Structure formats: structure tokens, C-alpha cells
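Some notes on the structure that comes next.
No value in this document is a laboratory result; all are computed from the given coordinates. Predicted, not measured: the structure shown is a model, and the values here were computed from it. Glycine gets a Cβ as well: all are built from the backbone with ideal geometry, and neighbour counts include every protein chain shown.
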Amino acid sequence: MRADFYVLAQPAPEARLRLACRVAEKAYLAGQSVLVWHGDRAELERFDALLWTFADTSFVPHEWLGEANAAPVRLSAAAAPAGAVGVLINLDTAPEPPPWAGQAERVAEIIDGEPARREAGRARFRAYRELGYELQTHNLGVP
């Protein structure tokens, strides 16, 4: 199992969500199933709206987990996936990985420079390392 940490330099929540859109789009175009997880439903709803508008030429078919479950990108703020997931995009700010992270072939953690999110990201990095994940860090500027 692998966990990729995408780290933005600035504390920019909108940039963090835009980066998550790009990661979701790339996974979708590669034919992978995607689950975007965030315990904050309001922020996940902002992400949902952004998926429609983040790029003029982009279309990322998505739906909330538990709806038809036909879209390759699913969003959840509460429910766990029933089976395996290709890519889990974790937008949550909890210091521990989602309990079902092991159902994903790959986890993408999106971190920005906001101190509390950065510290929670470090805690998750340590947790994934202890669980034996292959870890990659991608230090990025603000997109």
C-alpha cells in the first residue's frame, strides 16, 4: 500500500481543494475508482461544487457515496466504502488515517500550510509509516 502526501506551502484551503480536484481527475482519467473522504461535510460540499468548475475543459463524474454508486468518483463525510477503492483522497483534518484506509490501493493526503492541518498531516504520516505503507512526499507551491 502507498500513501502520497501532497504538501502545499501556503495555508490556502481553496488551493488545497483545487489540488484534490486535480488528483481526483488524474485518478479518474487513469481508470481508477476514487473515494474522497472528509469528516467536515460543509467543506466536502464546497469540494463537490468545485469539481464542476475547477477547470474549463474538465469533467469528473462524481456522486455522494450511497447514491447510485455508478460514478467513478464518490464523496463521503460519514459512510465507509463497502469494498476496495483504487484511490482514497483524504481531506480530513483528524490526526489519524481513516479507519478504512486499508481498503485503498493508494491514499492521497492533501495538506496545506495551515498549522493545525500540517500537524495532523505529520501525525498521519507517522501512522501510515507504522502501518508499513510506502510513503511519498510531494512538496508543491500554491497551484
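Here, P(r) means the percent of Cα pairs in each 5 Å bin from 0 to the largest distance; for the stretch 2-140 it is 2, 11, 22, 25, 22, 13, 4, 1, 0.
Counted residue by residue at 0.36 nm each, then reduced by the alpha carbon distance between them, the extension gain from Arg122 to Leu50 reaches 23.3 nm.
What would the Debye formula give as log10 I(q)/I(0) at q = 0.20, 0.26, 0.34 Å⁻¹ for the alpha-carbon point model of the stretch 18-61, no solvent? So the normalised log intensities are -0.61, -0.98, -1.32.
The GluC sites (Glu not before Pro) of the stretch 40-143 that meet both conditions, a loop assignment by DSSP and at most 14 other Cβ atoms within 10 Å of the site Cβ, are Glu67.
Quick one: go through the stretch 91-124 and flag any residue whose amide nitrogen is under 20 Å from the point 7 Å out along the Cα-to-Cβ line of Leu140. Under 20 Å, as judged by backbone N against the label point of Leu140, lie 91-94, 98, 105-124 of the stretch 91-124. Remark: the chain carries a charge dipole of roughly 320 debye about the Cα centre, counting +1 on each Lys and Arg Cβ and -1 on each Asp and Glu Cβ. Scaling the Cα radius of gyration of the stretch 41-115 by the globular reference 2.2 N^0.38 Å produces a ratio of 1.14. Under the convention that each Lys and Arg Cβ holds +1 and each Asp and Glu Cβ holds -1, the size of the dipole of the stretch 1-84 around its Cα centre is about 240 debye.
Cα centroids of the stretch 1-38 and the stretch 55-104: how far apart, whole angstrom? Taking the Cα centre of each part, the stretch 1-38 and the stretch 55-104 sit 11 Å apart.
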